[in-house]
1. Loop-only check: which GluC sites (Glu not before Pro) in the stretch 1-77 are DSSP coil with at most 16 other Cβ within 10 angstrom?
2. Can you give me the Cα centroid spacing of the stretch 117-163 and the stretch 10-82 in angstrom?
3. Mind sorting Cys113, Cys253 by how few other Cβ atoms lie within 10 Å of their own Cβ, fewest first?
4. So, counting K/R as plus one and D/E as minus one, what does the shell of residues with Cβ under 15 Å around Gly14 add up to?
5. Compute the FRET efficiency between Ser153 and Thr59 as 1/(1 + (r/R0)^6), taking r as their Cβ-Cβ distance and R0 = 41 Å, and round to the nearest 0.05.
6. Using a Förster distance of 25 Å, how high is the FRET efficiency between Ser19 and Asp208, based on the Cβ-Cβ distance and rounded to 0.05?
7. Give the residue from Leu180, Ala166, Tyr142 lying farthest towards the positive end of the charge dipole for the stretch 73-185; charges sit on Cβ (+1 for Lys and Arg, -1 for Asp and Glu) and the dipole is referred to the Cα centre.
8. In a GNM of the chain with a 10 Å cut-off on Cα contacts, which of Gly155, Gly114, Gly46 has the highest mean-square fluctuation?
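Derivation of every value follows stated rules applied to the coordinates shown; laboratory data play no part. Computed from a prediction, not measured in an experiment: that's the story for all the values here. We place every Cβ from the backbone using ideal geometry, glycine too, and count neighbours over all the protein chains shown.
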Amino acid sequence: MANSNKTLVIKVGGALLESADSLIAFFSELKKIREHQKVVVVHGGGALVQKLLTDLGLTSEKKDGLRITPTEHMPYVVGGLAGTANKQMLSSVLAVGDKAVGISLADGADLQCGVSDPDLGRVGQVESGSAGLIKTLLDSGYLPLVSSIGADSQGNLLNVNADQAAEAIAKILQGQLILLSDVDGILDGDKKVIPSMTKNLAEKLIADKIITDGMIVKVYTALDTATALNAPIGILNWRNPNLISQWLDSQSCGTTVQPSE
Ligand SMILES: Nc1ncnc2c1ncn2[C@@H]1O[C@H](COP(=O)(O)OP(=O)(O)O)[C@@H](O)[C@H]1O
Ligand SMILES: CC(=O)N[C@@H](CCC(=O)OP(=O)(O)O)C(=O)O
């Protein structure tokens, strides 16, 4: 089994939250990995937020994979991501006998976020920061579970895409990044997994509309992080958590996103 001094940052998509069995399998696997490597989980919850807004009779749209977030939607987005999604994960960690602390990007005032594009409303991106609180939790043996709610310097809460939140944390920690999703990797036009992804290939697949929706954000996140850390990034399916160790050992599963020159 791979043994790295680098902290493993794992991003999980919101769809995982809909399967109690998958959550248990995922956190059982992380408990094993945590015996020899520090781990941080950054989570989404887009599906949960979408359902909550729809149930409330609110219409929510996405632009280039990012949720347009009017100020009046923020209480529900914050409640869904930093509340329900975060504590559902915490509950599964407790169920497997591990110990976690659920936080958001805003906790500890370590990460400064800003509005990324005023047309998207209260959508933010991480602009700078350190990982003081996350490091404190890791050094004390806890698994940090980070939701993608951030804040600007005035304390205004912002909705950050969870892939981009994971990218920021992986860069600040100089860690390893794995993005888990509900697909086996980036798929080609025949729905086959593409084992190795480069910037040129990604740009072609996006132009050809083979990579669309949330996968556009994910592939750019992975390409930027791979280049910044000069290390490959894994995109794997959370339905098989054993793949995490397999990828760490040999990068022989899912899609491995390569750094650019
Ligand atoms: N070429 C592609 N390969 C794989 N998935 C793709 C591709 N293009 C679009 N997608 C979509 O991207 C989704 C993953 O992105 P997203 O919904 O943001 O996931 P998550 O919530 O897991 O982060 C897949 O479920 C799939 O519907
Ligand atoms: C700005 C933006 O798009 N925020 C996302 C945050 C959650 C997320 O990214 O969830 P998944 O990883 O499950 O897609 C949203 O509101 O859906």
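1. Counting only loop positions with at most 16 other Cβ atoms within 10 Å, the GluC sites (Glu not before Pro) in the stretch 1-77 are Glu35, Glu61.
2. 14
3. Fewest to most other Cβ atoms nearby, the residues stand as Cys253, Cys113.
4. With Lys, Arg at +1 and Asp, Glu at -1, the net is +3.
5. The value I calculate is 0.85.
6. The calculated FRET efficiency here is 0.20.
7. After comparing all options, I get Tyr142.
8. Of Gly155, Gly114, Gly46, the most mobile in the Gaussian network model is Gly155.
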